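Colleague: Sharing a structure here in structure tokens format.
The values are calculated or read from the model by the stated rules, or taken from the named source; none is laboratory data. It should be emphasised that the depicted structure is a prediction, and the values quoted were computed from it without experimental measurement. Ideal geometry is used to build each Cβ from the backbone, glycine not excepted, and the neighbour counts take in all protein chains shown. Just the protein is used for accessible areas: all its heavy atoms, side chains included, with ligands, DNA and RNA removed. Shrake-Rupley method; radii C 1.70, N 1.55, O 1.52, S 1.80 Å.
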Amino acid sequence: QVQLVESGGGLVQPGGSLRLSCAASGNIFSINAMGWYRQAPGNQRELVAVITGGGSTTYADSVKGRFAISRDNAKNTVYLQMNGLKPEDTAVYYCNGDFQLRRLGIMFRSTYWGQGTQVTVSS
């Protein structure tokens with residue numbers, strides 16, 4: 001079992017910055033990818049940014065140039081630095097992890113979600 005614990009959400013004015021963190025714990029053998037998704041009221045959950053085990057990154061067009069995803073492999077933690085925040089960035093942000101796990105000598109792949117953290121951009 002893997003737990004993803006998110007932190008860093010809150011209320012910020014337009015143009016401001018926030019940094020989200022997501023720490024993974026559990027019987028993790030390796031990380032295939034970790035990323036951030038968001039869901040605004042009435043909308044579907046959408047990809048914000050993802051970073052693979054090899055360090056490749058992908059961003060939604062709407063956040064390119066404003067958001068940056070990074071990771072600390074030693075801590076199994078991924079970060080999302082959000083700059084130039086806009087009201088349309090308001091949503092619940094969810095951490096997602098795609099992991100290789102090992103249990104009783106058997107390797108398998110599994111995906112987990114965090115509980116979500118609210119980001120509100122408003123004056």
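Colleague: Local charge sum around PHE67 (other residues, Cβ-Cβ under 12 Å, Lys/Arg +1, Asp/Glu -1)? Before the final figure, lay out each step's value.
Modeller: Values: positive: ARG19, ARG38, LYS64, ARG66, LYS86; negative: ASP61, ASP89.
Net local charge, PHE67 excluded: +3.
Colleague: Now, a different point. How much of the accessible area of segment 23-123, in percent, comes from carbon and sulfur atoms when a 1.4 Å probe is used? Intermediate results must be reported in sequence, preceding the final value.
Modeller: Details: 2540 of 5320 Å².
Carbon and sulfur atoms account for 48 percent of the accessible area of segment 23-123.
Colleague: Among LEU85, VAL63, ASN32, which residue has its Cα furthest toward the positive end of the charge dipole of the chain, with +1 on Lys/Arg Cβ and -1 on Asp/Glu Cβ?
Modeller: ASN32
Colleague: While we're looking at this one, here's another question. Read phi for every residue in segment 97-103 and hand back ³J(HN,Hα) as whole Hz from Karplus 6.51 cos²θ - 1.76 cosθ + 1.60, θ = phi - 60°, with x for Gly and Pro.
Modeller: After applying 6.51 cos²θ - 1.76 cosθ + 1.60, I find x, 10, 10, 9, 10, 9, 9 Hz.
Colleague: Let me ask something else about it. For the chain, what does the accessible surface come to per residue with a 1.4 Å probe? Please give it in Å². Write out the running numbers ahead of the final one.
Modeller: Details: 6500 Å² over 123 residues.
Normalised by residue count, the accessible surface of the chain is 53 Å².
Colleague: In the P(r) worked out for segment 53-123, what percent of Cα pairs fall beyond 18 Å?
Modeller: Working: 1307 of 2485 pairs.
Taking all Cα-Cα pairs of segment 53-123, the fraction more than 18 Å apart is 53 percent.
Colleague: So how many Å³ per residue does the convex hull of the Cα atoms of segment 1-110 work out to? Mind dumping the intermediate values first?
Modeller: Details: hull volume 11.2 nm³, N = 110.
Residue-normalised Cα hull volume stands at 102 Å³.
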